[in-house]
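Bear in mind these aren't lab numbers, they're just calculated from the coordinates by the rules spelled out. Since the model is a prediction, treat every value here as computed from it, not as a measurement. Virtual Cβ from ideal backbone geometry, glycine too; neighbours counted across all protein chains shown.
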Amino acid sequence: MGRSWTPVVALPMARRSEFEGRLLAILEPGVKRHGLTPAAVMFVVLAVSLTAVPLAAMSPERAEHPSDENATSERVTALVGALDDDDIELRRIVVESLGSLQDTTAVVALMRALRTDSDPEVREAAAYALGEIEDARAVPALGEALQQDEVTAVRLMAVHALGEIEDPRGVAPLAAAINDPDREIRVAVIHALGEIESPDAIDALASALRDGDPEIREYAAWALGEIEDSRAVPALADVLTSDSEASVRLKAAWALGQIEHANGVDALARALGDQDPEVRQMAIWALGEIEDPRGVEPLIPVLSDPDVETRLLAIRALGEIESRQAVDPLIEALRDSDSRVREAAIWALGEIEDPRAASGIAAALGDSEAKVRKYAAAALGDLDLSSAPQELINALRDEDYEVRRYAVHALGDIEDPAAVPGLAELFRSPDTDTETRRAVIWALGEIEDPAAYQVLVEALEDEDPEIRRAAARALGGNEE
């Protein structure tokens, strides 16, 4: 969850361009630029001839090569045959090579090595190789290794491989190990269950939410969020409101937002009073993701939070929920001291699309920030109004050209004949740029009023051919 709506800007590569390199070579004073002497020419011809003639006489021998598939199969067969070698180091290398080839024909042999090889490093490498191949046939052997192998490293690698294969049949052996005495095993099991994303793991993961290790509880909440099943909501809601660790509560709020079920609203509403600011912010985000109208009432007081970022998140959530219950509080937010909050409030009101917000948004056209005025003009065009607010018509004289252009488009959407005089004045002004004049012509064509047609007829005599063509399209009712 980022703290800014501004996209990340990519950094340019800081290496010299080919053109720059050529230019510097041209300007290099030490480079000899005269032509070859006759003696040099003869030397070059002789050297090329001595090289080219023998090469021309040679022809490559055409060899019969097996297909890549056959070649891989032969390599796998040869490597599998070496798995019975007495050299432990060789067997380990063979297993690693089979994993690198990622050929499914090696699965049976690797399963045998995992089950029967006497060396734990070979068994560990076999488990890893099976995870690389990602063939579901290996799940039973990996489950056995997790439950029966005495070496922790082998069991850990079996867990990793089950997570890589992501087959639901791996849930049962993993769930059986979720309370393993070894902490590292428990962490790996929970991560693997999150990777598999099967609802069959919910009960086991819910039990892990009561683990004595807070990091285990945090991982379990993450895994439940990855599964995104509503059956996990009660357990996550309980953790969100009762766990002693902020990091666990934070992950529980995130998981509830991932699941997006209305049963999580009450717990998230209570979390808005959490003592940790990050938990509060995550709860706000989650309420926006769930989009249940019951989240509006607890979010409204957050619009007065001292922290700007928190207020922005609350406004974003209200815009996502799109409930008319939020209109008046969002209009009040248009008087916020931070311009970003005012911009966000206009966006949210535009998302809700309630005509009752028109007067409040129109008042924002007098804001000191041009960006706020621009968004206000755009939002008014989205409200499906039957008449244009006077503030929007007055915005045609705004000092910022973008605000004027947005006002033009909004007036074209509203289609109120009362806007024609202001649009005509803007079109005739010598200070109006071509793009804005074309937008005015489009808006006049949308209004479909005799006074608007008169301006369009006038535009047919304009000295700019683009304007004349736009006017002709507008008079014919054709979209540009």
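List of remarks:
- Shape of the chain from the C-alpha gyration tensor: oblate (a/c of 1.5 or more and a/b not above b/c, with a ≥ b ≥ c the square roots of its eigenvalues).
- Gained length - D382 relative to R397, 0.36 nm times residue gap less alpha-carbon distance: 3.3 nm
- Peptides 344-353, 181-190 ordered by average Cβ neighbours within 10 Å, highest first: 344-353, 181-190
- Added length on full extension, which subtracts the Cα-Cα distance from 0.36 nm per residue, R324 to E260: 21.0 nm
- Charge dipole of the chain about the Cα centre (unit charges at C-beta), most positive-ward option of A109, L396, A206: L396
- Estimated from helical segments only, the mean residue ellipticity of the chain at 222 nm is -20000 deg cm²/dmol, where each DSSP H run of four or more residues counts as -39500 (n - 2.57).
- Gyration tensor verdict on the stretch 159-232 (Cα atoms; rounded if a/c is under 1.5, prolate if a/b is larger than b/c, oblate otherwise): oblate
- Placing unit charges on the Cβ atoms of the charged side chains and taking the dipole of the chain about its Cα centre, the candidate lying farthest along the positive direction among I414, V171, G131 is I414.
- Computed from point charges on the beta carbon alone (+1 for Lys and Arg, -1 for Asp and Glu), the dipole magnitude for the chain about its Cα centre is near 1340 Debye.
- Dipole moment magnitude, nearest 20 debye, the stretch 404-452 about Cα centre, only Lys, Arg, Asp, Glu C-beta charged: 220 debye
- Calculated FRET efficiency for the pair E245/R112, C-beta based, R₀ 45 Å, to 0.05: 0.50
- Converting phi to 3J(HN,Hα) with the Karplus coefficients 6.51, -1.76 and 1.60 and the offset θ = phi - 60°, the stretch 280-296 yields 4, 5, 5, 5, 4, 4, 5, 4, x, 5, 6, 6, 9, x, 5, x, 5 Hz in sequence order, with x at every glycine or proline.
- Here the simple spin-label model places points 7 Å from the Cα toward Cβ, and for D119 and R183 these points are separated by 3.2 nm.
- Shown in residue order for the stretch 107-117 are the 3J(HN,Hα) couplings computed by the Karplus curve 6.51 cos²θ - 1.76 cosθ + 1.60 at θ = phi - 60°: 4, 4, 5, 5, 4, 4, 5, 5, 7, 10, 5 Hz (x for Gly and Pro).
- Cβ-based charge dipole, the chain, positive-most Cα from I290, S242, I352: I352
- For the listed peptides 133-143, 444-454, a ranking on the average number of other beta carbons within 10 Å per residue, highest first, reads 133-143, 444-454.
- In terms of packing, defined here as the mean over residues of other Cβ atoms within 10 angstrom, the peptides 85-92, 370-377 line up highest first as 370-377, 85-92.
- Karplus-derived HN-Hα couplings along the stretch 187-197 (A = 6.51, B = -1.76, C = 1.60, θ = phi - 60°), whole Hz, x at Gly and Pro: 4, 5, 4, 5, 4, 5, 5, x, 5, 6, 6
- Estimated inter-spin distance, T77 and A176, nm [label 7 Å along Cα→Cβ]: 3.7 nm
- Rounded to the nearest 20, the size of the Cβ-charge dipole of the stretch 291-352 about its Cα centre is 140 debye, with Lys and Arg at +1 and Asp and Glu at -1.
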